[in-house]
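**Student:** Before anything else, here's the structure in question.
The values are calculated or read from the model by the stated rules, or taken from the named source; none is laboratory data. Just so we're clear, the structure is a prediction, and the values are computed from it rather than from any experiment. Glycine gets a Cβ as well: all are built from the backbone with ideal geometry, and neighbour counts include every protein chain shown.
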Amino acid sequence: MHSFQQGCSRILKEFMKLDADEARKRFNLGKDAQDWTVKTAQHDLKSHSFSKEKILPILYRPFDKRFTYYTGTSRGFHCRPRREVMSHMIAGRNIAMCSTRSIETGAWAPP
């Protein structure tokens, strides 16, 4: 994610050019996860021939607009992009609100 579309484009191009270990260090990515690795993210970006049209605005937090690259590939650049949900989000001016199913502890816990 990046605050500006041009910055996102620059970072993605750099990310694709680097070796996986170099990219991990350069972008402080930490260890690979079960469903996401630096190599698979790079492969996903490279296999979808880079296009500025795939750099999309997202609300990272309320009122905090950022940009990301969306390919729609599961276990790719985004671990679980959920195409059935995202197809509605990228189609136009739609917003979504995320929440937890339940809260079991603290002030919000049921009596």
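**Student:** From the residues in segment 42-52 that are in a helix (DSSP H, G or I) and in contact with a helix residue (DSSP H, G or I) (Cβ under 8 Å, 6 or more places away or on another chain), which one is farthest from HIS2 (Cα to Cα)?
**Tutor:** LYS46
**Student:** Would you be able to tell me the number of residues in segment 60-109 that are touching a residue at least 24 places away in the same chain (Cβ under 8 Å) and touching a His at 6+ places or on another chain (Cβ under 9 Å)?
**Tutor:** 8
**Student:** If you don't mind, another one. For segment 14-30, what are the residues that are surrounded by fewer than 12 Cβ atoms within 10 Å (Cβ to Cβ) and part of a helix (DSSP H, G or I)?
**Tutor:** Within segment 14-30, LYS17, ASP21, LYS25 qualify.
**Student:** I would also like to ask the following. Just to be sure, is ARG80 modelled with pLDDT under 80, of a type in the set (D, E, K, R) and within 11 Å of the chain's Cα centre (by Cα)?
**Tutor:** Taking the combined requirement at face value, the residue satisfies it.
**Student:** Here is a list of conditions, (1) in contact (Cβ under 8 Å) with a residue 60 or more places away in the chain; (2) farther than 19 Å from GLN6 by Cα; (3) of a type outside the set (Ser, Thr, Tyr), and ALA33 meets all of them except one; can you say which number that is?
**Tutor:** ALA33 satisfies every listed condition except (1).
**Student:** How many of the residues in segment 53-106 are among the aliphatic types (A, V, I, L, M), in a loop (DSSP other than H, G, I, E, B) and surrounded by 11 or more Cβ atoms within 10 Å (Cβ to Cβ)?
**Tutor:** The number of residues fulfilling the criteria is 2.
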